[in-house]
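Only one structure is covered here, and it is reproduced in the block below.
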Amino acid sequence: MTLTGARAATVPSAESDAATVPSVESPAARRGRRPFAWAIAAAGPVALAAVLTAGLGVATVQNDSMSPTLRGGDTVAFDRWSAPARGDVVLLVDREGWSGTPDALLVKRVVGVEGDVVVCCEAGTGRLVVNGQPVDEPYAGASRPGGDIPFRVTVPDDAVWVMGDNRAASADSRLSVSEPGHGGVPLADLRGVARLWWS
């Protein structure tokens, strides 16, 4: 049949037709990719949660050795990454038996780091002296803030020296001054630095 008044139509060959028609993905193939995309999207939050769980912890204070800063029943959030510094509140494993419970988790304040010379106490004020300088510790009370037990100690390498803020009621590094480690707590026995606490 011949068309008049119209341009003759060009019919592409099967080969050219195959080359120009875009490929169409089947619904089954698209569905197969969806779980993979969801897995990737879910992996990010899961990985973040794993990192946070590994790096952060929560503990409950059992006594008043850190009062008035912390009291029995308070909750402490701590991080396991930070290196402890003077003045930090830390959680540690009680290897010395200060608490009477082997390997109990204690909360104390760092008053000296490796190499520090810690002395109790400055004449007249009762303040601790660290590396020759008196230390102001408003959390330790106004009357003999350094406590009643006289000592002079050099903090061993890879260790910290700790005391509770409630100096009269805290069992801490002072009880082990005459031991080989001079009351120092090895860094390996620290479980973290307290960052937040609440009642």
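For region 66-122, state which chymotrypsin sites (Phe, Trp or Tyr not before Pro) are in a DSSP loop and have at most 14 other beta carbons lying within 10 Å of their beta carbon.
Values: sites: Phe78, Trp81, Trp98; in loops: Trp81, Trp98.
Here the chymotrypsin sites (Phe, Trp or Tyr not before Pro) that fit, given the DSSP loop and packing criteria, are Trp81.
Based on the mean of other beta carbon atoms within 10 Å per residue, what is the order of 105-117, 177-189, most packed first?
With the highest mean Cβ count within 10 Å placed first, the list reads 105-117, 177-189.
Mind checking the full-extension length gain between Asn131 and Ser178? Use 0.36 nm per residue of separation minus the Cα-Cα distance, one decimal, nm. Walk me through the numbers on the way to the answer.
Details: separation 47, 0.36 × 47 = 16.92 nm, distance 2.00 nm.
Here the answer is 14.9 nm.
Starting at the first residue of region 80-91, write each ³J(HN,Hα) from the Karplus equation 6.51 cos²θ - 1.76 cosθ + 1.60 with θ = phi - 60°, in whole Hz, x for Gly and Pro.
9, 9, 6, 6, x, 10, 3, x, 5, 8, 10, 10
How big is the Cα convex hull of region 58-198 in projection, averaged over all directions, in nm²?
Numbers: hull surface 30.3 nm².
That works out to 7.6 nm².
Values quoted throughout were computed directly from the atomic coordinates according to the rules given, and no laboratory measurement underlies them. Nothing here was measured: the structure is a model prediction, and the numbers come from that model. Don't worry about glycine lacking a Cβ; one is built from the backbone with ideal geometry, like all the others, and counts go over all protein chains shown.
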